[in-house]
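Enquirer: Have a look at this one.
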Amino acid sequence: MKTIAILTNGFVFVGDVTVKKDWIEIENTYNIRRFGTTKGLGQLAVEGIQKDTVLDKVGVLRAPVSNVIGLIDAPKVKL
């Protein structure tokens, strides 16, 4: 299942999340540059990618767990 990761400094990513001790690793990662929603970020998780959503391919992302603000399960997101 895809997960939306909200990090510090306004960064939002979606991909396959694994927590490894003090680090979060996201594979098949995309930066969510524009949500493209009318009901906020949760709409992506509940309904999937919208026609105005803009994603940028990142690859594999690793960040300290301390930089994670939140994780949202996004079962409807198909990349």
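The numbers here are math on the coordinates, done by the rules we state, and not lab data. These numbers were taken from a predicted model, which means no experiment stands behind them. Please note: Cβ atoms are built from the backbone with ideal geometry, for glycine as well, and neighbour counts cover all protein chains shown.
Enquirer: With respect to the cross-link table entries Lys39/Lys78; Lys57/Lys78; Lys21/Lys76, which display a Cα-Cα separation exceeding 24 Å?
Expert: Going by Cα-Cα distance, Lys21/Lys76 fall outside the 24 Å limit.
Enquirer: Which FRET efficiency value, to the nearest 0.05, do you get for Ser66 and Arg34 by plugging their Cβ-Cβ distance into 1/(1 + (r/R0)^6) with R0 = 30 Å?
Expert: According to the calculation, E is roughly 0.65.
Enquirer: A follow-up question, please. Please sort 72-79, 35-42 by packing, taking for each peptide the average over its residues of neighbouring beta carbons within 10 angstrom, highest first.
Expert: Sorting 72-79, 35-42 by mean packing, highest first, produces 72-79, 35-42.
Enquirer: Okay, moving on. Cα to Cα, under 21 Å, and not fewer than 8 places away if on the same chain: which lysines meet these conditions relative to Lys20?
Expert: Partners within reach: Lys2.
Enquirer: Here is a follow-up. Find the relative contact order for the chain and round it to a whole percent, using C-alpha pairs within less than 8 Å whose residues are 6+ positions apart.
Expert: Computed value for the chain: 39 percent relative contact order.
Enquirer: How would you rank 8-19, 56-67, highest first, on the average number of other Cβ atoms within 10 Å across their residues?
Expert: 8-19, 56-67
Enquirer: Which log10 I(q)/I(0) values does the chain give at q = 0.14, 0.19, 0.21 Å⁻¹ under the Debye formula, counting every alpha carbon as one identical point scatterer?
Expert: Log-scaled intensity ratios, in q order: -0.39, -0.72, -0.88.
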